[in-house]
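Some notes on the structure that comes next.
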Amino acid sequence: MDGEPGGPGVTQPPEDPYLPGRPDGGVTVDRYELELDYRVSTNRLDARAVLHARATRPLDRVAVSLHGLRVTQVLVGGKRPERWTHRDGRIAIRLGHEVSAGTSLLIEVRYGGQPGPVRGPWGEVGWEELEDGLIVAGQPDGAPTWFPCHDSPADKASFSVTVTAEAGYEVLANGLLVSRTPRAGRTRWVYDQPEPMAPYLATLQIGRYERVPTDARTQVLVPPRLRTAALHDLDRQVEMMALFENRFGPYPFDGYTVVVTDDALEIPLEAQGLAVFGANHMDGRRGSERLVAHELAHQWFGNSLTVGRWRDIWLHEGFACYAEWLWSEQSGGWSAERHARSARARLATLPQNLVIGDPGPDGMFDDRLYKRGALTLHALRLAVGDRAFFAILRTWTARHRHGTVSTELFVACASEVSGTSVALLVEAWVYRPALPELSTDRSAAPASPAR
C-alpha cells in the first residue's frame, strides 16, 4: 500500500487530491459494523455505525465523513468524547487526550434522516431512490451518503451490514447473506463481507426482485417482468467467468450477483461481489453483453485490486475494457487485435490532451482513458508475447489480491514476470499525452481458448 508509516503495523492511507476536503482523520478502519432500519415508502433511515479504527499517528482528535444525515450521538470506546461536531460532511471528534499511533479506537455513531446522493464533478453519486426501492452507487465519493467512513479507496476494511426493511422487498448488501428473519411485517437481513473492501464499493440494493440462482456461485436479482430477457442476456456469464479465471486467476470472492433494476440507469455499475444494470440494459438480445463482461472483470480489477489514489484509475477501467476485448475474442466476435487497431484509429482522431496516468478529476471517466488503458495492455501483450502477458495478469492479481495497487507496482510486476523492463512502454502510453503507435509485429501466437 502506498503511504507513509504511522507507527508499528499501521499505514497511513494516502490523501487523494482528486477528493479535496476529505478529512485525513488520522485513522485507518479495519471493520465497519452497520445497523440500518429503513422505510422504503418514506426514504427514512435510522442507523448505527461502529468503526473499528486505529490511529495512524499520535493524535487527540479524529474525523470521518458523513453527508446529508443528522448525527444524534457519538461515542468512543463506549464513552462520550470531550466534544464532537458535524459540519459540512465532516464528523470531528475531540478525544480529550492524546493517543499514540496504533491505538485502537472504537467509534460509534448514531444517525438518521432521509439519505440522498451527493452532487460533484461526477454528477449525483451515492444513495439514490428508485421508483420502488433504492440503489447505492458509491464510486468515487458516495459512501458517506449512507454511513460514516474514512472515504479513501486505499483504506479497505471488512464489513457487517444489518438491514431491516418492509417485507416484500429483496435486500442485498456486499458479501454473504448470514441470516434473513421476518418480524411483524418487516424483514431483518444480515450480510458479512470478510474480504477487505474500499468504502466506495460498499452498496445496498432494495427492490421487488426475484432472486434467481444461475449456478453454484452466481445469482440474479430481477423484477419478474424482466426475468426472461435478463436471464437470456446474462446466460453466458458462466463462460465469461471461466475465461477470466483462466486469464486473470481465481475469482476473488465467494459469489457474484447481478441486480437488474426496474428503472432505467444511465450506466451499469460495479460494487464488490456484484454489479447493477438498468432495465434498459436487458433487451433480450444480448445488446449490452460487452458491459456484462466489463462489470464482471471489475471484480478482479477495481474490487480485489483497488487503486490507492484515483489518478491510477486506468488500472480499473483499462483492464475491464481489455476484458471486453478478450471476451469478444473468445466468443466469436472481433479479436483483441482488431479491437485495438480500431480503438487506436478512433483515438487518433480525438484530442491528444489526456494523460491517463493522472487524468484529473474531470478525466477519470473519459472514454479515452478506458480505451487507451486497454491499448496499453494490448501494446504490452504485443511486446512480451501471450505467454508472458497472461502470466503477468495472473501474477498481478495473485500478488495483490484484496490489496491496494498503483501503476508503479504494475510496472514492477510486469517487468519481473516478463524478464524485461516495461517502464518505457508504460511511460509512453500512460504518462504522455501523444498517442503511440501500436507495434506491427504480430508474431505473438494467439492465446489458447480457456478450458
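What are the residues in region 303-336 that are assigned to a helix (DSSP H, G or I) and of a type in the set (Lys, Arg), if any?
Just the residues of region 303-336 that are assigned to a helix (DSSP H, G or I), to begin with: 310-312, 314-330, 336.
The answer is 311, and nothing else.
List the number of the failed condition for residue 340; all other conditions in (1) small (Gly, Ala, Ser); (2) free of Cβ contacts under 8 Å to residues at least 40 places away in the same chain; (3) more than 30 Å from residue 224 (Cα to Cα) hold.
Here residue 340 clears every test but (2).
Give region 149-175 a look and list any residue that's in a loop (DSSP other than H, G, I, E, B) and either more than 18 Å from residue 65 (Cβ to Cβ) or not assigned by TED's automatic domain parsing to the domain that holds residue 86 (or both), or say none.
Taking region 149-175 as the starting set, the residues that turn out to be in a loop (DSSP other than H, G, I, E, B) are 150-156, 167-169, 174-175.
Matches in region 149-175: 167, 168, 169, 174, 175.
Out of the residues in region 144-175 meeting the condition of being surrounded by fewer than 20 Cβ atoms within 10 Å (Cβ to Cβ) and under 30 Å from residue 312 (Cα atoms), tell me which one is nearest to the chain's Cα centre (by Cα).
The residue in question is 158.
Hey, does region 358-371 have a residue that's at pLDDT 95 or above and closer than 22 Å to residue 241 by Cβ?
Yes: one or more hits.
Is region 176-193 home to any residue that is crowded, with 18+ Cβ neighbours inside 10 Å, over 16 Å from the mean Cα position of the chain (by Cα) and outside any strand (DSSP E or B)?
no
Scan region 255-267 residue by residue and report those that are under 27 Å from residue 393 (Cα atoms) and modelled with pLDDT of 95 or more. Outline the logic, then answer.
Going residue by residue through region 255-267, those that are under 27 Å from residue 393 (Cα atoms) are 255-258, 267.
Answer for region 255-267, where residues must be under 27 Å from residue 393 (Cα atoms) and modelled with pLDDT of 95 or more: 255, 256, 257, 258.
Condition test on residue 24, is it touching an Asp or Glu at 6+ places or on another chain (Cβ under 7 Å) and at pLDDT below 95?
Values: touching an Asp or Glu at 6+ places or on another chain (Cβ under 7 Å): yes; at pLDDT below 95: yes.
Answer is yes for this residue.
Output the residue which, of all residues in region 38-88 that are out of contact with any helix residue (DSSP H, G or I) (no Cβ under 7 Å at 6 or more places or on another chain) and of a type in the set (Gly, Ala, Ser), is nearest to residue 188 (Cα to Cα).
Pass one, region 38-88, residues out of contact with any helix residue (DSSP H, G or I) (no Cβ under 7 Å at 6 or more places or on another chain): 38-64, 69-88.
Applying the additional criterion that residues be of a type in the set (Gly, Ala, Ser) yields 41, 47, 49, 53, 55, 63, 77-78.
Working: 41: 17, 47: 13, 49: 16, 53: 26, 55: 33, 63: 30, 77: 27, 78: 25 Å.
Among those that are out of contact with any helix residue (DSSP H, G or I) (no Cβ under 7 Å at 6 or more places or on another chain) and of a type in the set (Gly, Ala, Ser), it is 47.
Let's see how each residue does on (1) of a type in the set (Ser, Thr, Tyr); (2) assigned by TED's automatic domain parsing to the domain that holds residue 403; (3) more than 20 Å from the chain's Cα centre (by Cα); (4) surrounded by fewer than 24 Cβ atoms within 10 Å (Cβ to Cβ):
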{"residue": "252", "(1), (2), (3), (4)": "no, no, no, yes"}
{"residue": "265", "(1), (2), (3), (4)": "no, no, no, yes"}
{"residue": "276", "(1), (2), (3), (4)": "no, no, no, no"}
{"residue": "285", "(1), (2), (3), (4)": "no, no, yes, yes"}
{"residue": "313", "(1), (2), (3), (4)": "no, yes, no, no"}
{"residue": "317", "(1), (2), (3), (4)": "no, yes, no, no"}
{"residue": "320", "(1), (2), (3), (4)": "no, yes, no, no"}
{"residue": "323", "(1), (2), (3), (4)": "no, yes, no, no"}
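What number of residues within region 199-221 satisfy the criterion of being crowded, with 24+ Cβ neighbours inside 10 Å and either assigned to a loop (DSSP other than H, G, I, E, B) or without any contact (Cβ under 8 Å) to a residue 40 or more places away in the chain (or both)?
Qualifying residue count, region 199-221: 2.
Could you check, for region 259-271, whether at least one of its residues is β-branched (Val, Ile, Thr) and farther than 23 Å from residue 138 by Cβ? Let's see the steps before the verdict.
Taking region 259-271 and keeping what is β-branched (Val, Ile, Thr), we get 259-261, 267.
Now drop any that are not farther than 23 Å from residue 138 by Cβ, which leaves none.
No.
Could you tell me whether any residue of region 125-139 is within 16 Å of residue 65 (Cα to Cα), within 17 Å of the chain's Cα centre (by Cα), in contact (Cβ under 8 Å) with a residue 40 or more places away in the chain and assigned to a loop (DSSP other than H, G, I, E, B)?
Looking for residues that are within 16 Å of residue 65 (Cα to Cα), within 17 Å of the chain's Cα centre (by Cα), in contact (Cβ under 8 Å) with a residue 40 or more places away in the chain and assigned to a loop (DSSP other than H, G, I, E, B), one finds at least one in region 125-139, hence yes.
What is the one condition in (1) in contact with a His (Cβ under 7 Å, 6 or more places away or on another chain); (2) within 12 Å of residue 438 (Cα to Cα) that residue 375 does not satisfy?
Of everything listed in (1) in contact with a His (Cβ under 7 Å, 6 or more places away or on another chain); (2) within 12 Å of residue 438 (Cα to Cα), residue 375 misses just condition (1).
Can you pull out the residues in region 115-158 that are among the acidic types (Asp, Glu), touching a Leu at 6+ places or on another chain (Cβ under 9 Å) and under 22 Å from residue 195 (Cα atoms)?
Hits for region 115-158 are 141, 151.
When residue 179 is evaluated against the numbered criteria (1) among the hydroxyl-bearing types (Ser, Thr, Tyr); (2) touching a Lys or Arg at 6+ places or on another chain (Cβ under 6 Å); (3) farther than 19 Å from residue 107 by Cβ, which criterion, by number, is the only one it fails?
Unmet for residue 179, out of (1) among the hydroxyl-bearing types (Ser, Thr, Tyr); (2) touching a Lys or Arg at 6+ places or on another chain (Cβ under 6 Å); (3) farther than 19 Å from residue 107 by Cβ: (2).
The values are calculated or read from the model by the stated rules, or taken from the named source; none is laboratory data. Computed from a predicted model, the values in this text were never measured in an experiment. Backbone-built Cβ (ideal geometry, glycine too); neighbour counts: all protein chains shown.
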